[in-house]
1. Given the range A:292-338, report the % of alpha carbon pairs whose separation exceeds 15 Å.
2. Under the 0.36 nm per residue contour assumption, what length would be gained going from the current alpha-carbon distance of A:Ser374 and A:Lys105 to full extension?
3. Any chance you could tell me what percent of the C-alpha pair distances in the range A:1-80 go past 15 Å?
4. From the Cα gyration tensor of chain A, with a ≥ b ≥ c the square roots of its eigenvalues, which class applies: rounded if a/c is under 1.5, or else prolate if a/b is larger than b/c, or else oblate?
5. Can you compute the equivalent ellipsoid semi-axes for the range A:405-451, i.e. the square root of 5 times each eigenvalue of the Cα gyration tensor, sorted largest first and rounded to whole Å?
6. Can you give me the long-range amide H partners of A:Phe4? Hydrogens built in the peptide plane at 1.01 Å from N, cutoff under 5 Å, separation of 5 or more residues or another chain.
7. Could I have the simple spin-label model distance between A:Ala166 and A:Thr122, label points 7 Å from Cα toward Cβ, reported in nm to one decimal?
8. How large is the dipole of the range A:267-393 about the Cα centre if only Lys and Arg carry +1 and Asp and Glu carry -1, each at its Cβ, rounded to the nearest 20 debye?
Amino acid sequence: MRIFDTMRDQIVDLKPKDPGKVSIYACGPTVYDVPHLGHARTALTYDVLKRYLTWSGYEVALVSNITDIDDKIINRAADEGVSEDQLSQLYTKIYIEQLQTFGIKDPDHRPLATQFITQMITIIEELMENGSAYEIVGSGVYFDVSKFGGYGALVNRSAEDLRDSAKARIASDEAKNDPLDFALWKTAKPGEPTWDSPWGSGRPGWHIECVAMSLDILGENFDIHGGGSDLTFPHHENERVECEAAGYSFARHWMHSGMLNVSGEKMSKSLGNFQTLGDAMERYGARPLRLAMLQAHYRSLMELSEDTMAGAIGGIERIDAFYRRMDAAQIGPEKTDANAKDRFSGAMSNDLGTPDALAVIFDLINAGNSSLDSQDFERASVSLASVTELLDVLGLGKVKKDSNDEIEKLIQRREVARQGKDFEEADNIRDELRSQGVEIEDTPTGTLWRYS
RNA sequence: GCGUCGGUGCCCGAGCGGCCCAAGGGAACGGCCUGCAAAGCCGUACAAUCGCGGGUUCAAAUCCCGCCCGGCGCUCCA
């Protein structure tokens, strides 16, 4: 398996700490609102990574956190007149449900930041003890970037560089020693949720929660730390320096998935609230959305548009039609195509090349359809078995057949009319079904139908 | 402004020195199949510029330089 490692800035061999096992920590969302398509793309990346590694024979442990305390949650809760707990619990629930609907498997652990306050405090204490952090009474505890050699390495920049950049854009907080220093612990403000600490009551800063949770659950030196590319700096770099300054070794590899854009104004006009995962799934369906995302490489910037989705819907339709034909011909899956699986693995093990992997699957579908047409049922069965196995690795498996007595009755009547060569009646029935959004297909073994 | 990633057919999107007269999906057109459809299969067209201009090389979509355009980052966004 080869992956692009942000730290090394190149594609490298994945070298797990323990051979045969891979531990992954993928940064999840701060739950102050419903999930948008970007959250879905990131979650999808690590879902597919885990599925593929598991299929390849690795034992995978995937941790994906929920950050349930932070400024945005506090502000939003105040706006809506609910408690921070109520707000974060509501959006956590929605997040989990929608990802499940989207076909994302639950991670092995889904820790909440607020359950790891003790561990965070311990790390901050260690940083204070060894001089990596300082306290400003009345404000909080800050990480001292100047004490850390190599700050900025994850983004390939020097601390001086980042400092200049920061100065140019941001009014520096005069309390801090250095504009790059960041809060590990924030002193309590009236009306905010607080926890006790050696520095008085307060709440954790951002970044530190991920260090506490990843170390606690996966241990030092875990294999992959991932998230969206917007988290690379400062979030991940800050996590990294906190962890290393405290004396622990952190992630062996860093992965970042690319951003997804839905072209703002053009989109919102015609599509309404298309940016949220829930709306997009309702509008296009979960599988087309998943296919659209997987047809782009996880690191590339992708733009979702009405056209993109129309294409993906067509792609899913092609997959489903393949299954319908196989079912109608009563072909079952038997042995798989080793060669196709090799090609698939080759694509996937090259930094998760899902577009190429999908191309392999579509080639198999094409071959299977041809085999059916030429009555080569054995080869058709091999295609079917291979497609089924590989599609499952990408989480795009087939859906169960719809059933509806009313529709089946109409199809029966049409069948009788066709037998009697009463094509006018048969076509009337077909038109009637179409007006109900039902498309039918006649095959040698009977008539199939689907919602169009 | 600094950094970084990218600009490939009608749309999406792989490819990242020769296997590329550029994968795969979608849309279009023609044919076969069908009572007619749908699905499928076969074929065709669409890139005379792979953002633009230079350069390196026997050979460039792929490497280098410059320019234009876009995304992301530059303290709380996946």
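1. 62
2. Full extension from A:Ser374 to A:Lys105 adds 93.0 nm.
3. Result: 67 percent of Cα pairs exceed 15 Å.
4. Taking the square roots of the gyration eigenvalues as a ≥ b ≥ c, chain A is prolate.
5. 15, 12, 9
6. Those lying under 5 Å, H to H, from A:Phe4 are A:Val12.
7. 2.9
8. Dipole about the Cα centre, nearest 20: 180 debye.
The values are calculated or read from the model by the stated rules, or taken from the named source; none is laboratory data. Everything numeric in this text was worked out from a predicted model, so none of it was measured. Cβ coordinates were reconstructed from backbone atoms using ideal geometry, including for glycine residues, and neighbour counts include every protein chain displayed. The protein model used for the area step is the full one, side chains on, heavy atoms only, and it has no ligands, DNA or RNA in it. Shrake-Rupley method; radii C 1.70, N 1.55, O 1.52, S 1.80 Å.
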